[in-house]
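Engineer: Take this structure, written in structure tokens, and hold onto it; I'll ask about it next.
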Amino acid sequence: MERGAYHFYREVLARHKEQEFARFIDLLARAEEGHARLIYHYYRQEDPQALPFEELYDSLSGDLLEGGDSLQTMRQMLDTVTENSCLDIVEMAISIEYAAYDLYRNMADYFAGTSMEESFLAIAQAEKEHMRIAAEALTLCRP
């Protein structure tokens, strides 16, 4: 899912790199890869024989984003952005990041009382930071 969000943000950058909000989207893309590394760190603790991060990450298709939407669906949504592409795209980013936060928060609740609870709470906190980055980009969107 992190890889899917990364692909989505890279697609946004490919289409809107000249827009002022692109620097925030670039931050989110880099944060998704960093977040994948964080998840990998927890995964590696559970499976010390796991493939190296780069090999595993590169093997992932990234067809699914954190909110459950497919990358294809999100690309189609990009095709339909209005004249105010900033607002439409930043709102999509906020929705992706909120869905990720909700997912990891729920996973923490599911694993309450286990060692995984703290891991999922840490990931949820990281998603809140992603939401903050996206929300900051809203200041660049004009109605």
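The values are calculated or read from the model by the stated rules, or taken from the named source; none is laboratory data. Just so we're clear, the structure is a prediction, and the values are computed from it rather than from any experiment. Neighbour counts are summed over all protein chains in view; Cβ atoms, including those assigned to glycine, are modelled from backbone coordinates with ideal geometry. Accessible surface is based on the protein model in full, side chains and every heavy atom, while ligands, DNA and RNA are left aside. Shrake-Rupley method; radii C 1.70, N 1.55, O 1.52, S 1.80 Å.
Engineer: May I ask you to verify whether R132 is closer than 23 Å to A14 by Cα, open to solvent by 80 Å² or more (accessible area, probe 1.4 Å) and out of contact with any His (no Cβ under 9 Å at 6 or more places or on another chain)?
Structural biologist: Judged against the criteria, R132 is a match.
Engineer: Something else about it: May I ask you to say which residue of M77, M92 is out of contact with any His (no Cβ under 7 Å at 6 or more places or on another chain) and surrounded by fewer than 16 Cβ atoms within 10 Å (Cβ to Cβ)? So that I can check it myself, show each step before the final result.
Structural biologist: Numbers: M92 fails: surrounded by fewer than 16 Cβ atoms within 10 Å (Cβ to Cβ).
Result of the check over M77, M92: M77.
Engineer: May I pose another question? Which one is nearest to the chain's Cα centre (by Cα) among residues in the range 8-28 that are surrounded by fewer than 21 Cβ atoms within 10 Å (Cβ to Cβ) and under 18 Å from D69 (Cα atoms)?
Structural biologist: In this case the residue turns out to be R10.
Engineer: Every residue in the range 103-143 that is at pLDDT below 95 and acidic (D, E), please.
Structural biologist: E117, E118, E127, E129, E136
Engineer: Further, regarding this structure: Given the conditions (1) under 20 Å from R3 (Cα atoms); (2) in a helix (DSSP H, G or I), and given that S61 satisfies all but one, which numbered condition is not satisfied?
Structural biologist: Failed condition: (2).
Engineer: Determine whether M92 is of a type outside the set (S, T, Y) and within 13 Å of the chain's Cα centre (by Cα).
Structural biologist: Here the answer is yes, as M92 does meet what is asked.
The rows are residues; the columns are (1) in a helix (DSSP H, G or I); (2) of a type in the set (K, R).
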| site | (1), (2) |
| --- | --- |
| A5 | yes, no |
| V12 | yes, no |
| R15 | yes, yes |
| I25 | yes, no |
| H35 | yes, no |
| I39 | yes, no |
| P48 | no, no |
